[in-house]
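Each value in this text was obtained by applying a stated rule to the coordinates, not by laboratory testing. Just so it is clear, the structure is predicted and the values come from calculations on it, not from any experiment. Note: ideal-geometry Cβ built from the backbone for every residue, glycine included; neighbour counts use all protein chains shown.
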Amino acid sequence: MLARKWDIGIGIFGILLAALLLLVWIPADIKGEFISQTSGGRAAPGDAFYPTLLAAFITVVAVIQLVLGLRRRSGDATDTPRITLSNLVYLLLLAGILLVAYLLCYIAGPALAELLSPGATYRELIDTVPYKYFGFFLGGFVLTAGVIAFTEREIRWRTVVVSALLLALLILVFDVALTNIQIPPNAEA
């Protein structure tokens, strides 16, 4: 009986990625703290709060994947999955969806600002509706609906509705309820 090598490898990769985030990227790139004080003296999530939570979540999922990989057994060596051309094409197409979603997130807001308000810059309009939501919503929609449709090999109305509702919920939580946070890509502009 062989351990599930791919499950173990993915678990180890996730743990290493989380360690890289926590030990290298967050300290080097994020100047804010995990918890900061507002001008009113209240404790609030700092700049490092959400990236640190993401790294912790990746760690938990990776450890679960690693433990399950160590506990599961495959029948014999012929049960071990192999990388095929079909796998690589699948990953390339998935990476294409991710790239398009990322580009839309960063380009759509400034493009809309240029189209609807030619005299103003995106930086001037960054905290106004619809500009601050457009790139996030369009990129996020292509990401969620695109990945779901790609994996299901069809696009359904349910996918469209769930993706739109998810993004509306994210906007409500991260822009309306949590007023000290800017949704991507607005913090970068």
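Mind ordering 152-160, 106-114 by average Cβ neighbours within 10 Å, highest first?
Details: 152-160: 11.1, 106-114: 18.6.
Packing proxy ranking, top to bottom: 106-114, 152-160.
Measure nothing but the geometry: give the 0 to 90° angle between the long axis through the Cα atoms of 157-171 and the longest principal axis through the Cα atoms of the chain, rounded to 10°.
It works out to around 60 degrees.
What percentage of all Cα-Cα pairs in the stretch 2-76 are separated by more than 16 Å?
Numbers: 1594 of 2775 pairs.
For the stretch 2-76, the fraction of Cα-Cα distances above 16 Å is 57 percent.
Along the positive direction of the dipole of the stretch 78-189 (beta-carbon charges: Lys, Arg +1; Asp, Glu -1; about the Cα centre), which of Leu166, Leu103, Gly146 reaches farthest?
Value computed over the given set: Gly146.
In whole Å, what are the Cα extents of the stretch 85-188 along the three principal axes, biggest one first?
That works out to 48, 26, 23 Å along the principal axes.
Remind me, relative contact order of the chain in percent, using alpha carbon pairs under 8 angstrom and six or more residues apart? Write down the numbers at each step before the final one.
On the way: 201 pairs, mean separation 36.2, N = 189.
Over the chain, the number comes to 19 percent.
Within the set of other residues whose C-beta is less than 12 Å from the C-beta of Asp47, count the net charge using Lys and Arg as +1 and Asp and Glu as -1. Could you put the intermediate results ahead of the total?
Working: positive: Lys31; negative: Asp29, Glu33.
Charge balance in the 12 Å sphere: -1.
Which angle between 0 and 90 degrees, to the nearest 10, do you get for helix 131-152 versus the longest principal axis of the chain when only C-alpha atoms count?
The two axes meet at around 20 degrees.
Hey, what D do you get for the chain in µm²/s if you plug the Kirkwood alpha-carbon radius into Stokes-Einstein at 20 °C and 1.002 mPa s? It would help to have the intermediate numbers written out before the result.
On the way: Rh = 19.6 Å.
My calculation gives 109 µm²/s for D.
Can you tell me the alpha carbon radius of gyration of the stretch 1-40 divided by the globular rule-of-thumb value 2.2 N^0.38 Å?
Details: Rg = 17.1 Å, N = 40, 2.2 N^0.38 = 8.9 Å.
Cα Rg divided by the expected 2.2 N^0.38 Å: 1.91.
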